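The values are calculated or read from the model by the stated rules, or taken from the named source; none is laboratory data. None of the values given here were measured: they were computed from a predicted structure. Every residue, glycine among them, receives a Cβ derived from its backbone with ideal geometry; neighbour counts consider all protein chains shown. Keep in mind that these areas ignore ligands, DNA and RNA; they rest on the heavy atoms of the full protein, side chains included. Shrake-Rupley method; radii C 1.70, N 1.55, O 1.52, S 1.80 Å.
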Amino acid sequence: MTVHLLGTGSADGGPDRTTTMLTVEHGPTTVLVDCGGDAGQRMLSAGLTPEDLTAVVLTHEHPDHLAGFPLLVEKMWLRGRTAPIDVYGLAPTLAKARALFAVFSTDGWEGLPEIRYHDVEAAPGAHVVDLGGVEITATPVDHPVPTIGLCFAADGMRVAYSCDTAPTDAVADLARGADLLIHEATGSTPGVHSSPKEAAQVAADAGAGRLVLVHAPPDASDDGLAAARAVFAETSWGWDGAQIEVGGA
């Protein structure tokens, strides 16, 4: 399984990071998680082809995770996508995605693929979809709007992603025994976001193999990383364009 960190910044991540977006790739399956910015361009930069995406998962409705959705669909269409595009998320998130796409007049876009929206249940361990042996589950996390963290499992490998959240046992449960936990580290804000140290505690509680910090603020620092490593040694900052191999590719 391969994780491509397409973006690793918060809504204002500074000049070196775009908004947090990632793909999980395993065999013929490629899943995009969120598209706050130009996810298609970031995929191309990573050697991936957006028109061949298997599915898109939208974690919540905030602009830094959703605003690029119409552009992603347009880019897939321009690059020859004809098969339906499957999009998964909580009902309120998908409602925002539909409304955002509807802002644009697409009547003249001949051959525009169908967008198929699939509601995800807002429950711990909710089944999202099984795609060619890649099973995706979701769990609600602690953020001001309905938001899900995700777990990807395939061939004995597990990757968990917290999405935007204050520290919560829900993520520790989601990531229990995961090879890799990708956790936000915007800064400690109760009910909203986590600090690097708080993310590290979640990784330790989960018994994860590695922790990669994303959704970084513009002042993300070595000091924050050191505080996290004091709690969970196998911690690093994620960077735009990084590729992480988990088990067999």
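Select from Ala172, Met1, Leu78 the residue farthest towards the positive end of the dipole of the chain; place +1 on Cβ of Lys and Arg, -1 on Cβ of Asp and Glu, and compute about the Cα centre.
Sorting the options by dipole projection puts first Leu78.
What dipole magnitude, in Debye to the nearest 20, does the chain give about its Cα centre under +1 on Lys/Arg Cβ and -1 on Asp/Glu Cβ?
Details: 13 positive and 33 negative charges, 25 e Å.
Once rounded to the nearest 20, the dipole reads 120 debye.
Tell me, what is the 1.4 Å probe accessible area of Lys197, in Å² to the nearest 10?
Approximately 120 Å² of Lys197 is accessible to the 1.4 Å probe.
Choose one answer from Thr82, Thr137, Thr18: the residue with the largest mean-square fluctuation in a GNM of the chain with alpha-carbon springs under 10 Å.
Thr82
Pick from Ala172, Ala206, Ala123 the residue whose mean-square fluctuation is largest in a GNM of the chain, springs joining Cα atoms under 10 Å.
Ranking Ala172, Ala206, Ala123 by mean-square fluctuation puts Ala123 first.
Could you state the orientation-averaged shadow area of the convex hull built on the Cα atoms of region 53-128, in nm² to one decimal?
On the way: hull surface 20.6 nm².
Spelled out: convex hull of the Cα atoms, projected over all directions, averaged, 5.1 nm².
Ignoring ligands, DNA and RNA, please state the percent of accessible area on the chain from carbon and sulfur, probe 1.4 Å.
Details: 4930 of 9710 Å².
Within the chain, the accessible surface is 51 percent carbon and sulfur.
Ignoring ligands and nucleic acids, what accessible area does Glu121 show with a 1.4 Å probe (Å², nearest 10)?
120
Starting from one equal scatterer on each C-alpha and no solvent at all, send me the Debye-based log10 I(q)/I(0) for region 179-249 at q = 0.18, 0.26 Å⁻¹, two decimals.
Here the Debye-derived log intensity ratios amount to -0.62, -1.20.
Can you run the Rg to Rh ratio on region 39-97? Use alpha carbon positions and the Kirkwood inverse-distance Rh.
Numbers: Rg = 11.4 Å, Rh = 11.9 Å.
Result: Rg/Rh = 0.96.
In square angstrom, rounded to the nearest 10, how much accessible surface does Arg229 have for a 1.4 Å probe?
120
Can you compute 3J(HN,Hα) from phi for each residue in region 96-102, using the Karplus curve 6.51 cos²θ - 1.76 cosθ + 1.60 with θ = phi - 60°, rounded to whole Hz and x for Gly and Pro?
5, 4, 4, 5, 5, 5, 5
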